[in-house]
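Before any comments, here is the structure.
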Amino acid sequence: MNDSIPRLVVAAPSSGAGKTTVATGLIAALTARGLKVSPHKVGPDYIDPGYHALAAGRPGRNLDAWMSGPERIAPLLAHGAAGADVAVVEGVMGLYDGAAGRGELASTAQVAKLLRAPVVLVVDASSQSRSVAALVHGFASWDPQVRLAGVILNKVASDRHETLLREALEEGSGVPVLGAVRRAQAVDTPSRHLGLVPAVERSAEALRAVREMGELVAASVDLDAVLALARTAPPLSADPWDPAAEVEPFAGPRPRIALAGGAAFSFSYAENAELLAAAGAEVVPFDPLHDERLPERTAGLVIGGGFPEVYVSELSANASLRAAVAELAASGAPVVGECAGLLYLGRELDGLPMCGVLDATARMTPRLTLGYREAVALADSPLAAAGSRVRGHEFHRTATDPAAGPSPAWGWRTATGPQTEGHLHGSVHASYLHLHWTGAPALPSRLVRHAAAWAASHDGS
């Protein structure tokens, strides 16, 4: 399939340059023009896609070559961009930064090459003038396969500053300037211990911030030039990713799998739910902050990532739902907890009662645990067969005691030796490891089969 999806990648020399502001502003500004914009984010981050989704009015999707595999990057973009006029892909960290010790793997540069997409470099110009040309020249020449095709100057102080920057780039880099964004405190988004506050938690404030980002970019960037650049991307020679082609669909009655969401559990990949549905599940979202019971006829439960530590009092106060989760787990229905879900399934979090499914407590810590992991399932569970290998990601400032139960969920090697992590308890699989199931589609298929078997044994009740 040759699909000419106009597309570009928004990158930066390093984190903190303003990629998210510019990318979200571009998505919002182009959407305000009446275009259908498909938003994407390189890497495992859940938070930026939430702002992208507000700006575009459609799901923000991740493109992670570590977790999904490089071969799925172009198909996943084609899937997410179906029916769109243009795709905007926000990078991660610096343009050439990838998985530690793995070369370019999972870097923005690798994804740009896999997508054959032009790159727009967002440069924090707040502390430089002519030096910007040397910086851009270096990034443009580092890898000839990366087409660095434009620059957006960010945090520009004045008209005079902008003139100096433009003159230097015209003289020394050969890369056109597509816009210059002034410093604008009004569009800053609040942060906390794991980065930006998720859009789902900010409601009206997040909508206002996204609108202001769009207005700022529309006033500062040549949108016609950006669109013209996106249209120079060659045809994308990839069939769209199809969840139905990745799984073994269950042929019987569709088991109902409840999927936690809302402000406390906002970290989820859209493709995970799509894979569950393709595998034969009826996926029903619910909000543990507000719903006092699980959806009727729940035969399986997935509790993903988020910020339960921020909402620990409200989650603890919802005693009826905590009891329902514990009852479902005790009945043998498959229950999967991922990071925040692990904390919620434990005995307590920061001293307050949680579901009590696992004999573990959790607390906030000053230490950030962050990084890609290559893990192996240590025993059979409703999620993974023993010996299954997966690639995932850890991102948390909490710790559980114990870190692994009597039957750990995963094992992997670290610089200091083998490590086990997570808990298997009956039909429960709980771990800190975030997974993008596109890279391990056998997992949702297995989960649906276990939920169907439980539903059949309980007459669907």
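The values are calculated or read from the model by the stated rules, or taken from the named source; none is laboratory data. Values in this document were obtained by computation on a predicted structure and should not be read as measured data. Positions of Cβ are backbone-derived with ideal geometry, glycine not excepted, and every protein chain shown enters the neighbour counts. To get the accessible areas, we keep the full protein, side chains included, count just its heavy atoms, and leave off ligands, DNA and RNA. Shrake-Rupley method; radii C 1.70, N 1.55, O 1.52, S 1.80 Å.
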Counted residues in region 237-282 being surrounded by 18 or more Cβ atoms within 10 Å (Cβ to Cβ), among the aliphatic types (A, V, I, L, M) and either touching a Lys or Arg at 6+ places or on another chain (Cβ under 7 Å) or in a loop (DSSP other than H, G, I, E, B) (or both) come to 4
Checking the conditions here, which among Ala329, Ala384, Ala333, Ala360 is crowded, with 20+ Cβ neighbours inside 10 Å, touching a Phe, Trp or Tyr at 6+ places or on another chain (Cβ under 6 Å) and in contact (Cβ under 8 Å) with a residue 40 or more places away in the chain? Ala333
Taking first residues from region 11-36 that are closer than 18 Å to Pro118 by Cα and part of a loop (DSSP other than H, G, I, E, B) and second residues anywhere that are open to solvent by 40 Å² or more (accessible area, probe 1.4 Å) and among the basic types (Lys, Arg), the pairs with Cβ under 9 Å that are 6 or more apart or on different chains are none
When residues of region 8-57 are limited to those that are of a type in the set (S, T, N, Q) and modelled with pLDDT under 95, the one surrounded by the fewest Cβ atoms within 10 Å (Cβ to Cβ): Ser15
Quick check on Ala360: is it modelled with pLDDT under 95 and farther than 25 Å from Arg256 by Cβ? no
Inspect all residues belonging to region 429-438 and state whether any of them is open to solvent by 30 Å² or more (accessible area, probe 1.4 Å), part of a strand (DSSP E or B) and not polar (S, T, N, Q). no
What residue, of Ala403, Ala415, is without any contact (Cβ under 8 Å) to a residue 12 or more places away in the chain and open to solvent by 50 Å² or more (accessible area, probe 1.4 Å)? Ala415
Filter region 114-132 for residues that are open to solvent by less than 10 Å² (accessible area, probe 1.4 Å) and in a strand (DSSP E or B); the one that is farthest from Gly150 (Cα to Cα) is Val123
What do you reckon, is Leu424 touching a residue at least 60 places away in the same chain (Cβ under 8 Å) and of a type outside the set (Lys, Arg)? no
Take the residues of region 133-187 that are basic (Lys, Arg) and farther than 16 Å from Val221 by Cα: which is surrounded by the most Cβ atoms within 10 Å (Cβ to Cβ)? Arg147
From the residues in region 98-113 that are more than 22 Å from Gly60 (Cα to Cα) and not small (Gly, Ala, Ser), which one is least open to solvent (accessible area, probe 1.4 Å)? Glu104
